[in-house]
Amino acid sequence: MSNDRPGINEIMKYVVLAGILIYVILLMIFASGSKRPFSEVAEKVEQSLDTSNLVKRDGQAFKRYFGLNSADYEGVLLYSSESAMSAEEVLVVKVKTDKQVQEVSDAIDKYLAEKKEVYDGYAPEEVKLIEDAQRSVRGNYIFLAVAPKAQEYQEIFNRSL
């Protein structure tokens, strides 16, 4: 008796192949950079910020905080708290080269470690904000949020790409 229906092994091959294709597509989407201009991404992030405690900073502040020259990058957006008692800030950087991704990531690591040390002992709620900071690297974009709404800001950043 001949059966024209495919066997279970053949069906499983197609299911596994489809799963692999979906995984590869998702990996490409989340690991790839964005073709959106920095100004568009920065604008979306800025619109979402609670600026009651945050002020926009310039390239000199970026150099002072992270030890990096903003002119070396395609774009830098930095907001931080006016109050020295608050660790709150949001950073978006669009790098020009792959090497700069590691450079900026290392600077962020160092900065957060130093900042945590400053607040440790007298501002436990600020230390918690630093520990719960949201960070991501998406292609040539780097994002950091140290804020009560850090996760919300990161979701908006991800959607803006």
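Below is a table of values for the structure above.
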quantity: Alpha carbon convex hull of the range 104-161, projected area averaged over orientations, nm²; calculated: 3.9 nm²
quantity: Under Karplus coefficients 6.51, -1.76 and 1.60, residue-wise ³J(HN,Hα) of the range 40-51 in Hz, glycine/proline x; calculated: 5, 5, 4, 4, 4, 5, 4, 4, 8, 6, 7, 8
quantity: Restraint check, Lys56/Lys94; Lys63/Lys149; Lys44/Lys94; Lys44/Lys99; Lys44/Lys128, Cα-Cα greater than 19 Å; calculated: Lys63/Lys149; Lys44/Lys99; Lys44/Lys128
quantity: Between 0 and 90°, nearest 10: helix 8-31 axis offset from the chain longest Cα axis; calculated: 20 degrees
quantity: Amide hydrogen neighbours beyond the local backbone of Arg57, cut-off 5 Å, H modeled; calculated: Leu78, Tyr79, Ser80
quantity: Binned Cα-Cα distances of the range 37-161, short to long, each 10 Å bin given as a whole percent; calculated: 13, 49, 34, 4, 0
quantity: Carbon plus sulfur fraction of accessible area for the chain, probe 1.4 Å, in percent; calculated: 54 percent
quantity: Convex hull projection area averaged over all views, the range 30-91, Cα basis, nm²; calculated: 5.1 nm²
quantity: Solvent-accessible area of Asp98 with every protein chain in place, 1.4 Å probe, in Å² to the nearest 10; calculated: 140 Å²
quantity: Where the chain is the region considered: accessible area per residue in Å², 1.4 Å probe; calculated: 62 Å²
quantity: Full-extension gain in nm, Glu46 to Ala123, via 0.36 nm per residue minus C-alpha separation; calculated: 25.0 nm
quantity: 3J(HN,Hα) from dihedral phi, the range 120-125, Karplus parametrisation 6.51/-1.76/1.60, rounded to Hz, x for glycine, proline; calculated: 4, x, 10, 9, x, 5
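The values are calculated or read from the model by the stated rules, or taken from the named source; none is laboratory data. In this text the structure is predicted, and so the values were computed from the model without any measurement. What goes into the accessible areas is simple: the full protein's heavy atoms, side chains included, and nothing from ligands, DNA or RNA. Shrake-Rupley method; radii C 1.70, N 1.55, O 1.52, S 1.80 Å.
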